[in-house]
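Worksheet: one structure, shown below.
The values are calculated or read from the model by the stated rules, or taken from the named source; none is laboratory data. Note that the coordinates shown come from a computational prediction; the quantities given were computed from them, not determined experimentally. All Cβ positions, glycine included, derive from the backbone under ideal geometry; neighbour counts span all protein chains shown. The protein model used for the area step is the full one, side chains on, heavy atoms only, and it has no ligands, DNA or RNA in it. Shrake-Rupley method; radii C 1.70, N 1.55, O 1.52, S 1.80 Å.
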Amino acid sequence: MLDIIMTLATDIFEDDDILPTSRLEEANRFDSMNLVQFIIELSGALDMDIEDEEVEKTMTFAELAKNLEAKK
């Protein structure tokens, strides 16, 4: 799951330097529109409903993966 998250994040935020330990808000092109696009595409890629509230901009990509794994 982390691989999918990292691939989408790299593409959507146009940031090849994102690490699993990076916070979402640290991505180069982080803004509310890209965050919404990230959530929509992530929901589709993982085939699960992800609410905006579940993706906090202060969490790391690894934390997001862990939370979504627990939800599955």
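Quick notes on this one:
- Near pairs, Cβ below 9 angstrom, 6+ apart or cross-chain, from segment 30-57 (hydroxyl-bearing (S, T, Y)) to any residue that is surrounded by 12 or more Cβ atoms within 10 Å (Cβ to Cβ): S43/I50
- Residue in segment 62-72 that is open to solvent by less than 80 Å² (accessible area, probe 1.4 Å) and not in a helix (DSSP H, G or I) present: no
- In segment 24-58, the residues that are in a loop (DSSP other than H, G, I, E, B) and either open to solvent by less than 80 Å² (accessible area, probe 1.4 Å) or closer than 22 Å to E69 by Cβ (or both): A27, F30, D31, D47, M48, D49, I50, E51, V55, E56, K57, T58
- Candidate set: segment 1-23, residues that are on the phi < 0 side of the Ramachandran plot and among the acidic types (D, E); chosen: the one surrounded by the most Cβ atoms within 10 Å (Cβ to Cβ): D15
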